[in-house]
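Written out below as C-alpha cells is the structure these notes cover.
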Amino acid sequence: MTRNQFNEFHRMLWRAILIFIISFSGIINSQNNYPDDLPKFKITKSFGCDTSSIFLAPTASKVPYLMIIDNGGTPKFFKKVKSSIYDFKPQPNGVLSYFDRGGDCFYIMNSSYELIDSIKCVGELYTDFHELRILPNGNYLILGFDSRKVNMSRIVEGGRDSATVIGYYIQEIDKDKNLIFEWKTWDHIDIRDSYSDLKQGTIDVTHANSIDVDFDGNLLVSLRNTQEVIKIERKSGSVLWRLGGKKNQFTFIRDPLKFSWQHAARRLPNGNLLLFDNGFRREPQSVSYSRALEYELDEINKTAKLVWEYRNTPDIFSYGLGYSQRLPNGNTFIGWGAAVPAITEVTPQGREVFELSFEKDYSTYRAYRYPWGSPKISDYLEITYWIEKTQFVTTKQSDTISSKITLYNKNSFPVTITSIRNNSRSFIIPSDLPEVINPNDSISLKIYFRSDLSLYPFIDTIKINSNCNTICIPIEGLDVSDVQSERGEINNEFTLEQNYPNPFNGECKIKFSLKRNAFVIIKIYDILGNYVAELLNKECSAGIYSINYSANNQFGEKITSGIYIYTLQANERRISKKMTFLK
C-alpha cells in the first residue's frame, strides 16, 4: 500500500467512525439511563452547524415531552407532560414558554424550569397553540379563536344553512393580564377569501399561525387558509397590506409558484421576510413540496422579490406545521413539521450541516435554536455598549424612528445576552434572544419609537442582561407633532420654553404661551418615568404664563439631584423638555 493509499484509507476510516459516533450518540434509548418513553431520534448530520441548543416539543400518539438537546443529541433538559404540547421556546425576557392543550393555555417556566405563570386569551375565546410572543415590556401577544353559526347558503352556492365558522383573534395583554388590544378576522377578512371548502359543516376561514412585531410597531400575521401574510396597524386594527392569497396586493418577482398554506412569517433584521412554505395542495403534484423562503419586500411599490430559498434534495413535503429560523451565523434552521426529516440546518449557500429525524410517528410543530443554560461568569470584563441616540423625537404621530445599540464583548470567551426588558409600549425592541457575543466581538440591536402606542410620558429604561453583567440604558421619546384641525390646518397653539435657570439648585421658572383658551396640565417626571409632581391642572385663557417650580415632589419633599422631564399638555397636544436639578 502506497503512502497516498494509506492516507486515503485513514481518512475514510475516521470518516466512517465519525459518522457512526454521531449516529449512535443521536439515538436516545434506555441504555442512556433516560426514560423508555422519551422520544427517539437520529442525528445524521452535525458538522459546521450552529452550536446553540435545540428546543423540541415532540408530539405523537405516545407521551409528549419538552426537550432541549445539544448537537450530539444529548438531552440538557426533558420533561414529560400529560397532553399535547406546542411551541416550546425561550422568550426575550429570559423565560421559557409552551402551550399545553390539556390546560388550554401557555405555561411559563423560569430558567430553573419551575412553572411560574400561565397565560390564556382574555374572555370566552379558545387559546390557540400556534404562537405566544412575550415582548420586552412584559406584554403578551397571543392568538385565539371562536366559532359562530353562519348561513353559508347566502354566501356561496351549496353552502350549508347553519355552518360552524371559525374566526381568529389577536390579543395584546399587559403584564397584569389586562386586554389592551384586540383584532379579529370577523371584522377584516371576507369568508370568501378562504381556500377552505366553504360547503363544509365546519369552516376554518383563516387559521392564523404566527404573529411578529414589525419595526414600526405594527403586526405581521400569517393566515394559512387564506394563503397570505397581512400587516395590521397596531392602533386602529386596519389591514395595511396583504401579501398572497385572493386579494394579493404584491407583484411576486423570481417566484412564479408563490407560497401556499404557509407558516411562521418573520421579519429579519435586514428587513426581508422569512417564512415556511408548506406547498400544500399546489398543482400539479410535481410542485407540491415544502421550502424555506426569503422575500425582499418593497411596501411602497408592492413587490416581493425572492432572494433566497431552500428546497431539499430529494423534495420534502409537509402538509402542516413547520418553521424557519434565521440564525446569527447566517444559517437557516428549518423545522419540517409533519415530515421526515424533522429538522435541517443549511448554510446561506444551501449546504446541509445538521439533520435530525424522529423515529416512528413523532413530529414537532416547531423547532428552535438558541443558546441556553450559559453559566453565570464571575471573573469578566463588563459588556459595554454604544447607543446612537437616547432621545427619540417625532414630528408626526404614528411616525417611527430608530436608534442602534451595539454591545461589545472584550472578553476572551463568549458571553450570552440572556434577556432584554423595558416598560413602555411605544419603544419596540425586535430581538431573537438569547444570543451569543463571540470573544472580542459585538452585536447590534435596534430600538424603534412610536408615540401613538402609549400615553405620555415616553420615558423608559432598557435593561439588557447577560451572564456577565446587566446594562441599563435610559431613553426618552418626545412627540412634538402639531394636532391638525378638521380642515387639515396645522395648529401651533402653544409654546413651551426651557426652564430658567437650567441647571437650577433652588427654584426655576417655566414659561409657556397659548394662542387660544385650553385646558393645561404641567407635570414633572424623573428620568425613569416616575411621577414627581403636578404644577398646573386648569383651564387657561390665551396669553403668556410663568410658573415657579421649587424642586419639591408631590409630598412637598425636596427632589434629589438629577435630570427631570417637564411636560405640558394643552387639549390633545403634548410637549416636554429636560431640566437638571443640582443640590
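A few notes on this one:
- Whichever residue in segment 253-274 is under 15 Å from D432 (Cβ atoms) and of a type in the set (K, R) and, among such residues, is surrounded by the fewest Cβ atoms within 10 Å (Cβ to Cβ): R267
- Selection within segment 271-311 - modelled with pLDDT under 95 and touching a Leu at 6+ places or on another chain (Cβ under 8 Å): R282, V287
- Pair list, Cβ under 7 Å, 6 or more apart: segment 167-178 residue more than 21 Å from N423 (Cα to Cα), other residue among the basic types (K, R): G167/R148; G167/K184; Y169/K184
- Test: residue in segment 181-193 that is hydroxyl-bearing (S, T, Y), modelled with pLDDT of 95 or more and in a strand (DSSP E or B): no
- Against the list (1) farther than 13 Å from L445 by Cα; (2) under 24 Å from the mean Cα position of the chain (by Cα), the condition I428 fails is (1).
- Verdict on I116 being part of a strand (DSSP E or B), surrounded by fewer than 18 Cβ atoms within 10 Å (Cβ to Cβ) and of a type in the set (A, V, I, L, M): yes
- In the set (1) in a loop (DSSP other than H, G, I, E, B); (2) at pLDDT 95 or above; (3) within 20 Å of W261 (Cα to Cα), the condition left unmet by P341 is number (2).
- For segment 68-89, filtered to residues that are under 23 Å from E345 (Cβ atoms) and of a type in the set (D, E, K, R), the residue that is surrounded by the fewest Cβ atoms within 10 Å (Cβ to Cβ) is K76.
- Among residues of segment 137-164, those that are surrounded by 14 or more Cβ atoms within 10 Å (Cβ to Cβ), modelled with pLDDT of 95 or more and over 20 Å from Y107 (Cβ atoms), counted: 11
- Meets criteria (part of a loop (DSSP other than H, G, I, E, B), modelled with pLDDT under 95, under 29 Å from T347 (Cα atoms) and not small (G, A, S)) for P92: yes
- Pairs with Cβ under 6 Å, 6+ apart, first in segment 276-299 and free of Cβ contacts under 8 Å to residues at least 40 places away in the same chain, second among the small types (G, A, S) and assigned to a strand (DSSP E or B): none
- Filtered residue count, segment 176-219, keeping only those that are surrounded by 15 or more Cβ atoms within 10 Å (Cβ to Cβ) and among the basic types (K, R): 1
- Criterion: buried (at least 19 other Cβ atoms within 10 Å of the Cβ), within 30 Å of N329 (Cα to Cα) and of a type in the set (S, T, Y) - qualifying residue of T406, T384, T418, T390: T418
- Boolean, L198 is at pLDDT 95 or above and either part of a strand (DSSP E or B) or under 27 Å from the mean Cα position of the chain (by Cα) (or both): no
- Looking only at segment 432-457, residues that are basic (K, R) and either crowded, with 17+ Cβ neighbours inside 10 Å or over 22 Å from N218 (Cα atoms) (or both) come to 1 in all.
- S111 being under 23 Å from the mean Cα position of the chain (by Cα), surrounded by fewer than 20 Cβ atoms within 10 Å (Cβ to Cβ) and in contact (Cβ under 8 Å) with a residue 12 or more places away in the chain: yes
- Within segment 491-508, the residues that satisfy the criterion of being within 19 Å of K523 (Cβ to Cβ), in contact with a Phe, Trp or Tyr (Cβ under 8 Å, 6 or more places away or on another chain) and part of a loop (DSSP other than H, G, I, E, B) are E497, N499, E507.
- Which listed residue, of K89, K79, is over 20 Å from F354 (Cβ atoms) and out of contact with any helix residue (DSSP H, G or I) (no Cβ under 7 Å at 6 or more places or on another chain): K79
- Looking only at segment 363-414, residues that are in a loop (DSSP other than H, G, I, E, B), within 23 Å of the chain's Cα centre (by Cα) and within 20 Å of S52 (Cα to Cα) come to 7 in all.
The values are calculated or read from the model by the stated rules, or taken from the named source; none is laboratory data. Source: prediction; values computed, not measured. Neighbour counts run over all protein chains shown; Cβ positions are idealised from the backbone, glycine included.
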